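Enquirer: One structure, pasted below without further comment.
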Amino acid sequence: MADRGEIKIQEEDFPPDIKDWSKDQVKEWTLTLEDVDGGVAEILFEQDINGPMSERMDPLVETFSTFWQELRGTEQILCICDNEKAFTSWKDLIDARCGINISGRCIYDLSFAEVNGTILSLLSKNRRSSRFLPCGGGSKVSLEKKVERSLSSLEVLCVNQCDGGNDDQIVIEENFYKGGKVSWWNFYFSEQPASTPFIKRDKFDFIMDTVIPDLCSLRNACVVFNLIHVPGCGGTTLAMHTLWALREKFRCAVLTDSNADFAEVADQVVNLLMYKHEEKLPRIPVLLMIDDFDDKEKVFDLQQLIEKECAKKKIQSKSAQVILLNCMRLESPELPEQTEETVFIGNNLSEKEQELFEKKLKEIEKTHKNAETFYGFMIMKKNFRTEYVQGVARNTLKSFNINQKPAQLLAVLVLLKVYCKNSSLSVSLCEEFLGLQPKPVCGTIKAEEGFGKFSTLIDTCSVAGKVVFKAVKMIHPSIAEHCLQELTTTHKVSKADITDILLTTEKLYESTQGKDQLLQDVHHILVKRYHSEEVSQFSPLLLHIASETPGLEEMVLQNASKRFPKDAVVSQLLARYYYLKKKDFLEAADWARRAMELSKDNSYFADTSAQVIKHELKNAIANYKEEPISPKKLDEFLKMAQSAMDAFKDTQSLAKKESLQRLENVKDNCPFNTAGCLGEIQVGVIVIEVLGKTPVFSSDNVRHDIMSRVLSGHMKLQDVEKNDKWHHKHTQFYMTLRPFEDVLYNLRFRMKVNFDFLESFYANLGSRYGMKDNRDQIAQKELFRCFRVYANLFCKTDSADLLRNKGMLNMLKLHESRQYLEMQKADSYSGILTCLSNKVSSETMKKIAKQYALLCEHPQRPTVRERINFIYVNIVLSCIKLESQYILPYPKLLDLLCQVIREQIPLSETLSLYFIAVVLLWPQQCYLQDVVHRSLGMFISQMRTSYHKEMREVYNGKRPIVHFFLGRKQGYERLVHLGEIKERVKAGQAEFAMKWENGKIWKEKEVEACLCRVTGEVKNNLILADTCIPGLKVEVTPMFRSQLCSHAEGSKVSFFTGFSMKGPVALDIH
């Protein structure tokens, strides 16, 4: 039977008696092929064999043989077998009868959906009307329209994309060559006869042959690959070219809206992965392209949500199921770190690429009359020569007149493009602004025509948001940058002028279509700051306006406040401008208050209010030149300091409240706002500096000690006054200080609380992805500066008087030891752990170990904290210099730990104790203490409880740092610290973070060689790890839960063990 170009031969087509079978029937079917679909068809042999093979296969074998001879080969024959057993028998029979290997023309072990989709995809009519996705074994499945509609955040690229379409090739190619975004049609047209192939960039083969296969071999459910590119150099085109080339091997899609709900996106991605795959493995992975994210953290957020979705749906796999191709523009002039998972595309073509562009230009000139206006193509063909782009901008803008509407609209587009890469203006907005009326004959007029001579610089595009609408944009980022330069230099139109048009022209905001997008883009160029090594105080646009036309930035900001009257961020921006630039603190306080009113209970706006007071205080002190300071000024400064401290405390309270609220929203990964803690410390430093300028606390050693004791709460002001031989002269100062006694007596305590809190925060919680956070680094530098001031005051007591009292000598030694430890930030377990990451010298660690040995050996019993810290010091020193004579023998260290465990432990010390107990008491053959080891499960449980109690307010958006890993050796050498792993990997920070997320670290031979692989059993989404103690199993949490999905409940697995404050974690689960 023939059906739309296919002949299906099934068992029921044969007569009961094989002798009645005639070759005439075969010839009849063969002739039928000549009339079907231009003579192109498939012969389908469908086999479902249940009886004896020799009996039931004979008619099919004879029929196959006849067709094979009539058609002179197997190219038009397809054999579909029910299972592998049938396939093997069929293959052997054909081999025996015809002497050929039919394996390449057979499909077996496929679901009905896969078989059906594969057959349908062979027919040209179906290729035009239906869309197909790849499936296992080279098969295909039909993508139902309702399913595709449900994948609303994705643009799915099908195997047969563009097949049978009739879009206007000339128009599509012109749009692309002018600078428009590449479409699937461009790749399709380039594959047609008489076309030259699509230009293959040098990095294309590397991505196809190395990067993608490498990622597919990883075990994480979702892995990431970065394609970083200079705007306008073909990065997005290369990414889409990769998808096009892999559309038959991957289920390819593009994320259409970078602001979509990532939880919904993750759900849709996993639905695309599982669509008609049923339970068969291996699956065809999803290759998802992400374009124009402005922050890598967002990429990792999506990765984690996809991982969670895979784990939730128990998707079994031993290889990557989703690859995220992150196509990201390079915003800073610094080149990105080159890694195995990061490819960089710059604005410099190789000789081979230049030859390809030359060849392509010759083809373009044959089919297009206006190739000279194909600026997007020509910029690349000219190898991004600045002179070429400058010439285009200069020549096109010769008749520019800012008083004309087309010129104003072009200037707005130029400014938006330079400072907001994806900006555009809706076609309807442009038509209304330019007053375009439909032509009476054809009924419409193109928006580009309204721009007149400038029309070659713009292009139309589709913008997807809540609705899809047509828009106008600049054709190329380089064109936009040089146009802006031309406007400011030649035509004397400043950035402030254009921004003023953008903010104050109501006509731009009258069109409903695209209005929300325009407001979003305008807000972006005013507010978005970029954090490099130093904090950028304002957006690039505002900085450039302030530099180009000083003073006009204030006018721009005032107009911004009118355009966004209810936007708290804009009010905050004005507050920051007035206290940083204008030093107008009253105005700044007013804008900060407005921001608070618009967004109550927001810690970031509360911090702005506190910053206003702090900067006013700093400014007042800087402007006061007299010394010593007068009592009146002292009173003024201390009042401001007290107000600033109270404001920063409010910020801290709001930050903790916010962080707890975020825990209830799985989509909110915003980290804890530490600004309030740092701000209070900074004000404390200012108070110390102010007090140092008073005669009561002068800079000589005795007075230095007095100030230290007063601010520590160990000495009252009245006692200072009583012992002051100049107290009559200083009466006004003491009277001024008295109202601030509470602030002064608690200053050291408050500063120490904040220092310890931030030390613990940075030591135990890292970015979820190990990425370098410049804001954190800047904050830590400032923290270091403040701590130096703190340490110089509180950790350097003058001991001359104490040395005269020999009975106090031992107490002095202990006091000095504790001071030294505090000065080195080694008086807390987190500070000691930080010594590893900060690469503190072995000499310093030796001194720290000596001080703790002195404290712990002294007859006067050391505190529980000091003994716990001593344990940490020994471990850290062993990691830095294992042969040091100041390290306790390992058995003695275990004895000390067991002694501490048996005592009463303050709640404040439980987290540090149980963490180090779990690390050291993880059973090892040489050091077995059965009773203590059997409490390991309890220690882990108590550590987790302490972690949540101590860190719950601050761990949102962070991941517990894995401090140590379980190594292969014994004793101290069994603990491998994170820094050693980084040294073995020999990667930069960005590369290490990517390798960690993708799981490639564990493939490094040097890493594998030093870590111990532990076995265990999967139980309730956790792992019960085996130990060398019979019957003792320890509960371990997988770092990536999706790695457990391929392992059934009760199955045996192996893994590496890491230790974080949240508990032991399993990595690289096999």
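Enquirer: If you scan the stretch 734-769, which residues turn out to be touching a strand residue (DSSP E or B) at 6+ places or on another chain (Cβ under 9 Å) and of a type outside the set (Ser, Thr, Tyr)?
Expert: Of the residues in the stretch 734-769, the ones touching a strand residue (DSSP E or B) at 6+ places or on another chain (Cβ under 9 Å) are 761, 764-769.
Scanning the stretch 734-769 gives Phe761, Asn764, Leu765, Gly766, Arg768.
Enquirer: Moving on. Which numbered condition in (1) touching a residue at least 60 places away in the same chain (Cβ under 8 Å); (2) in a helix (DSSP H, G or I); (3) closer than 28 Å to Ile1001 by Cα is the only one that Ile981 fails?
Expert: Only one criterion is unmet by Ile981, namely (1).
Enquirer: Let me ask something else. Does Lys515 satisfy being basic (Lys, Arg) and modelled with pLDDT under 95? Don't jump to the end; show me each part of the working.
Expert: Numbers: basic (Lys, Arg): yes; modelled with pLDDT under 95: yes.
Yes, satisfied.
Quick grid of which residues meet (1) in a loop (DSSP other than H, G, I, E, B); (2) in contact with a Phe, Trp or Tyr (Cβ under 8 Å, 6 or more places away or on another chain); (3) surrounded by 15 or more Cβ atoms within 10 Å (Cβ to Cβ); (4) among the aliphatic types (A, V, I, L, M):
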residue	(1), (2), (3), (4)
Asp719	no, no, no, no
Lys725	yes, no, no, no
Met735	no, no, no, yes
Phe761	no, yes, yes, no
Asp776	no, yes, yes, no
Ala779	no, no, yes, yes
Val789	no, no, yes, yes
Leu793	no, no, yes, yes
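Enquirer: Of everything in the stretch 352-389, what is out of contact with any helix residue (DSSP H, G or I) (no Cβ under 9 Å at 6 or more places or on another chain) and part of a loop (DSSP other than H, G, I, E, B)? Give them in sequence order.
Expert: Let us first name the residues in the stretch 352-389 that are out of contact with any helix residue (DSSP H, G or I) (no Cβ under 9 Å at 6 or more places or on another chain), namely 355-356, 359, 362-363, 366, 369, 387.
Result: Lys369, single match.
Enquirer: Considering the stretch 1030-1049 alone, what residues qualify as being modelled with pLDDT of 85 or more and touching a strand residue (DSSP E or B) at 6+ places or on another chain (Cβ under 6 Å)? Step through it out loud before you land on a result.
Expert: Step one: filter the stretch 1030-1049 for residues modelled with pLDDT of 85 or more, giving 1032-1039.
Across the stretch 1030-1049, the qualifying residues are Lys1033, Val1034, Glu1035, Val1036, Thr1037, Pro1038, Met1039.
Enquirer: Still on this structure, please answer the following. Taking only the stretch 682-694 into account, find how many residues are more than 21 Å from Leu758 (Cβ to Cβ) and either at pLDDT below 90 or under 48 Å from the mean Cα position of the chain (by Cα) (or both).
Expert: Initially, the stretch 682-694 is screened for residues more than 21 Å from Leu758 (Cβ to Cβ), giving 690-694.
After this cut, where a residue has to be either at pLDDT below 90 or under 48 Å from the mean Cα position of the chain (by Cα) (or both) as well, the list is 690-693.
Count: 4.
Enquirer: May I ask you to list the residues in the stretch 616-635 that are among the polar types (S, T, N, Q) and either within 15 Å of Ser698 (Cβ to Cβ) or without any contact (Cβ under 8 Å) to a residue 12 or more places away in the chain (or both)? Spell out how you get there, then give the answer.
Expert: So in the stretch 616-635, the residues among the polar types (S, T, N, Q) come out as 619, 623, 630.
Within the stretch 616-635, Asn623, Ser630 qualify.
Enquirer: Further question: Restricting to the stretch 729-739, give me the number of residues that are of a type in the set (A, V, I, L, M, F, W, C) and either closer than 21 Å to Val789 by Cα or in contact with a Ser or Thr (Cβ under 9 Å, 6 or more places away or on another chain) (or both).
Expert: 2
Enquirer: Right, here's the next one. What are the residues in the stretch 317-355 that are over 29 Å from Cys233 (Cβ atoms), buried (at least 18 other Cβ atoms within 10 Å of the Cβ) and either at pLDDT below 90 or touching an Asp or Glu at 6+ places or on another chain (Cβ under 8 Å) (or both), if any?
Expert: Initial filter on the stretch 317-355 (over 29 Å from Cys233 (Cβ atoms)): 317-319, 321.
Still in the list and also buried (at least 18 other Cβ atoms within 10 Å of the Cβ): 317, 321.
Ser317 - this is the single residue of the stretch 317-355 that is over 29 Å from Cys233 (Cβ atoms), buried (at least 18 other Cβ atoms within 10 Å of the Cβ) and either at pLDDT below 90 or touching an Asp or Glu at 6+ places or on another chain (Cβ under 8 Å) (or both).
Enquirer: Right, another one. Just checking, does the stretch 944-957 include any residue being of a type outside the set (A, V, I, L, M, F, W, C) and part of a strand (DSSP E or B)?
Expert: Here is the first cut: in the stretch 944-957, the residues of a type outside the set (A, V, I, L, M, F, W, C) are 944-950, 952-953, 955-957.
Subsequent filtering for residues that are part of a strand (DSSP E or B) retains none.
So far as the stretch 944-957 goes, no, none of its residues is of a type outside the set (A, V, I, L, M, F, W, C) and part of a strand (DSSP E or B).
Enquirer: Something else about it: If you go through the stretch 737-759 one residue at a time, how many are outside any helix (DSSP H, G or I) and either without any contact (Cβ under 8 Å) to a residue 24 or more places away in the chain or among the hydrophobic types (A, V, I, L, M, F, W, C) (or both)?
Expert: First, the residues of the stretch 737-759 that are outside any helix (DSSP H, G or I): 746.
After this cut, where a residue has to be either without any contact (Cβ under 8 Å) to a residue 24 or more places away in the chain or among the hydrophobic types (A, V, I, L, M, F, W, C) (or both) as well, the list is none.
The number of residues fulfilling the criteria is 0.
Enquirer: Okay, next question. Residues in the stretch 497-506: is at least one in the same structural domain as Ser428 (by TED's automatic domain parsing), within 22 Å of Arg329 (Cα to Cα) and charged (D, E, K, R)?
Expert: Checking the stretch 497-506: not a single residue is in the same structural domain as Ser428 (by TED's automatic domain parsing), within 22 Å of Arg329 (Cα to Cα) and charged (D, E, K, R).
Enquirer: Go through the stretch 551-604 and tell me which helices (runs of 4 or more DSSP H), entirely inside it, have 2 or more residues that are assigned by TED's automatic domain parsing to the domain that holds Thr499 and buried (at least 17 other Cβ atoms within 10 Å of the Cβ). Full working, then the answer.
Expert: On the way: elements: 552-563, 568-577, 585-598.
Correct list: empty, since no element meets the threshold.
Enquirer: Among the residues of the stretch 143-172, how many are more than 16 Å from His277 (Cβ to Cβ) and of a type in the set (Val, Ile, Thr)?
Expert: Qualifying residue count for the region: 3.
Enquirer: Kindly evaluate Pro671 against the criterion of being more than 30 Å from the chain's Cα centre (by Cα) and part of a loop (DSSP other than H, G, I, E, B). Show your work before the answer.
Expert: Working: more than 30 Å from the chain's Cα centre (by Cα): no; part of a loop (DSSP other than H, G, I, E, B): yes.
No; evaluated as a whole, the condition is false for this residue.
Enquirer: Let me ask you something else. Which of the residues that make up the stretch 833-855 are touching a residue at least 40 places away in the same chain (Cβ under 8 Å) and assigned to a helix (DSSP H, G or I)?
Expert: Looking only at the stretch 833-855, we keep the residues that are touching a residue at least 40 places away in the same chain (Cβ under 8 Å), and these are 833-837, 839-840, 842, 846, 854-855.
Within the stretch 833-855, Leu833, Thr834, Cys835, Leu836, Ser837, Ser842, Lys846, Leu854, Leu855 meet the criteria.
Enquirer: Collect the residues in the stretch 60-88 that are in a helix (DSSP H, G or I) and under 22 Å from Gly136 (Cα atoms), keeping them in residue-number order.
Expert: Here is the first cut: in the stretch 60-88, the residues in a helix (DSSP H, G or I) are 60-70, 84-88.
Residues satisfying the conditions are Glu84, Lys85, Ala86, Phe87, Thr88.
Enquirer: Taking the condition of being polar (S, T, N, Q) and in a helix (DSSP H, G or I), how many residues in the stretch 872-925 meet it? Working first, answer last.
Expert: Kept after step one, since they are polar (S, T, N, Q), are these residues of the stretch 872-925: 874, 878, 884-885, 899, 904, 908, 910, 912, 924-925.
Remaining after also requiring in a helix (DSSP H, G or I): 874, 878, 899, 908, 910, 912.
Final tally of qualifying residues: 6.
Enquirer: Based on what the data block shows, is Val570 among the β-branched types (Val, Ile, Thr) and closer than 30 Å to Asp601 by Cβ? Full working, then the answer.
Expert: On the way: among the β-branched types (Val, Ile, Thr): yes; closer than 30 Å to Asp601 by Cβ: yes.
Yes; evaluated as a whole, the condition is true for this residue.
Enquirer: Before we move on, is Ile207 closer than 22 Å to Ala993 by Cα, outside any loop (DSSP other than H, G, I, E, B) and over 18 Å from the mean Cα position of the chain (by Cα)?
Expert: The answer is yes for Ile207.
Enquirer: Moving to a separate point now. Scan (1) closer than 30 Å to Lys312 by Cβ; (2) in contact (Cβ under 8 Å) with a residue 40 or more places away in the chain for the single condition Val182 breaks and write down its number.
Expert: Looking at each condition in turn, Val182 falls short on (1).
Enquirer: From (1) polar (S, T, N, Q); (2) under 28 Å from Asn810 (Cα atoms); (3) surrounded by 14 or more Cβ atoms within 10 Å (Cβ to Cβ), pick out the condition that doesn't hold for Gln904.
Expert: (3)
Enquirer: Moving to a separate point now. Hey, could you check the stretch 965-1001 for residues that are among the aromatic types (Phe, Trp, Tyr) and more than 24 Å from the chain's Cα centre (by Cα) and say which is nearest to His1070 (Cα to Cα)?
Expert: So the first thing to find is which residues in the stretch 965-1001 are among the aromatic types (Phe, Trp, Tyr), and the list is 965, 972, 992, 996.
Checking the rest, the ones that are also more than 24 Å from the chain's Cα centre (by Cα) come to 965, 972.
Working: Phe965: 17, Tyr972: 27 Å.
Only one residue fits best here, namely Phe965.
Enquirer: For the stretch 866-895, which positions are surrounded by fewer than 18 Cβ atoms within 10 Å (Cβ to Cβ) and touching a residue at least 24 places away in the same chain (Cβ under 8 Å)?
Expert: Lys881, Leu882, Ser884, Tyr886, Pro891
The values are calculated or read from the model by the stated rules, or taken from the named source; none is laboratory data. Since the model is a prediction, treat every value here as computed from it, not as a measurement. Cβ sites come from the backbone with ideal geometry, for glycine too, and all protein chains shown count toward neighbours.
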